């Protein structure tokens, strides 16, 4: 058997998430501890109970340094995590269950802690509330911290994360991706196959070289090992040889520095059909990517980045300043802002309210505003109308289900505009209102919806999971979330055919991940789609496949 502790080079093939080359040292997000399975003598029970109690006290004492080491210092996220961990460590009912199991089963503290933590995680999973499900990560983190102390492998004493480190993990959690971006990680690799998850979308948005579905990664890579994350080909190289490192350094140095394009770069198919490419963005810091890639504006600006991890939403004036900055820095290129899309897989502390037996089918997107947070929607619309100034902007409504949703949103927009005018406020020169098509019901009634709005954008990440009844974050059903499935291609064809019948094909765009997928772009072009909003790091690959594709359909233009 090969000893993985030897320093030989190991190459692991995964699936590309975000292109680019990341080189650095391994920083594990998962603590590997061997859980002892053996029984102890009844005479050892008292000592084992004492050992567990001392570990809990040590964890409480070291909690601030543990949270800082693993999650970063002084961030809003770290403060929230600290409070959660403190609450869990103070839960005597949990510790009593661990102690009772030690005494009843005569097993080591590590074994009993692991079992009780798994039971608690299962209980939270059963609640189905996404906010509570998100606490599973904190429970597992707390348990790993205690396990580390019990086995003398306290994770808070691990090598501190340094700029340029490559984070590796079994999972794809948004919190880990945000941490990677905040500390300036050089790359991200995961064993997870949830490649259409929100975390994967964040990795692309941050432009962080990353690879998923890397089998055996955590068995091979050790903390502090040198590692290369080759995002373009989906390759991870652990303990690379000096020759391999030098080869990739030269490749990295030779990577073309993005050129700033003051004008939009035209994009055409092999048979000369014009295609519009815009950018999907998470925050204003990414606007330079629109120019660096010659993109025709921002087709999806996700406004949720402004929401603090503890759930605090920005005030109207705070939003106004951000929107005004985005519009100004876009320098005349069209910007489409999506209103807050909260619920299901997008949870921010106190902003939850998506309870129910199946939150993904419950209160999220525009439903949340209509049912619970109308004031929040009005405040956001006021800020957008004020920020528009003498420019034309787009406002995109998420999770539209019926024509009533659109009509109601339009009425609120008109009311808010009227209020601002009566106050002497200058409003956006023109508002183009759009509906996000993510629900099969909306896709089926797309003609009626198009008659009420200026444009529609297909949010294919959610449209696919709802159409196939397969959670995109659930790795066990990932095979059903395949956009090339004939049934889903039929739905995409149906949407474009319905839009074309009423002369509105030019007002349909695709902003989901399939627009950035070179496998899917030829399908979309041949179905008649001519406007894509893409992850900026995918621009070159998308341009190349468009230029190589021939289609029999006529040209269209962006909404």
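Any read-out appearing in this document is the output of simple, stated calculations on the displayed coordinates, not a laboratory observation. Bear in mind that the values here come from a model prediction, so they are computed numbers and not experimental data. A quick note on method: Cβ atoms are made from the backbone with ideal geometry, for glycine too, and the neighbour counts reach across all protein chains shown.
Remarks
- The listed peptides 97-104, 483-490, ordered by packing as a protection proxy, come out as 97-104, 483-490 (highest mean of other Cβ atoms within 10 Å first).
- Calculated FRET efficiency for the pair residue 43/residue 374, C-beta based, R₀ 41 Å, to 0.05: 0.05
- Spin-label pair residue 90/residue 403, simplified geometry with 7 Å Cα→Cβ offset, distance in nm: 5.5
- Contour excess over end-to-end distance, with Cα ends at residue 318 and residue 7 and 0.36 nm allotted per residue: 106.8 nm
- Summary of packing: across the peptides 46-57, 16-27, the per-residue average of other C-beta atoms within 10 Å ranks them, highest first, as 16-27, 46-57.
- Packing-based ranking, highest mean first, of 416-425, 110-119 given that Cβ atoms within 10 Å are counted: 110-119, 416-425
- Per-pair calculated FRET efficiency, R0 = 41 Å: residue 548 and residue 242 via Cβ, rounded to 0.05: 0.60
- Projecting label points 7 angstrom from Cα along Cα→Cβ for residue 500 and residue 62 puts them 6.4 nm apart.
- Alpha carbon centroid spacing (whole Å) that separates region 165-193 from region 23-48: 24
- Label point 7 Å beyond Cα of residue 454 along Cβ direction - residues of region 363-384 with amide nitrogen under 11 Å: none
- Least to most buried among 239, 476 (fewest other Cβ within 10 Å first): 476, 239
- Once the chain from residue 170 to residue 433 is taken as fully extended at 0.36 nm per residue, the excess over their C-alpha distance is 90.6 nm.
- A straight chain from residue 305 to residue 411 at 0.36 nm per residue would run longer than the Cα-Cα distance by 35.5 nm.
- For the pair residue 249 and residue 274, label points projected 7 Å from Cα toward Cβ lie 4.8 nm apart.
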